[in-house]
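J.: Let me begin by handing over the structure; questions about it come next.
Values quoted throughout were computed directly from the atomic coordinates according to the rules given, and no laboratory measurement underlies them. Computed from a predicted structure; not experimentally measured.
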Amino acid sequence: MRSSPTLPTARFFCEECGRETRFLPMHKARSIAGISRTTMYYWIQRDWVHSRELASGRRVVCQESLSRRSLKTDSEEVPPKRNLSQGVPSSSIR
């Protein structure tokens, strides 16, 4: 039986969660959530996920808030993509 690789994490006190949680490097958090760097920063700016900047300048993401956000995203209904050149939903384009 193969064991899953451990994620590089650090434990910090998350001010927003009010407790000590695991923080993931940005690239790991994005990979787990399946989102782009731009989307991750969008989530951070809106306080949908918690983060902190390390002394090195690198940003790490609270795993607890990322898990909650990912669950919320999975349960939300996603509107159809729009074809910007025609202003109609792409699902209606054949």
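J.: Gain in length, C17 to W48, computed as 0.36 nm per residue apart minus the alpha-carbon separation, to one decimal in nm?
T.: 10.0 nm
J.: If you take all C-alpha pairs in the range 10-75, what percent of them are over 17 Å apart?
T.: Counting every Cα pair in the range 10-75, those more than 17 Å apart make up 31 percent.
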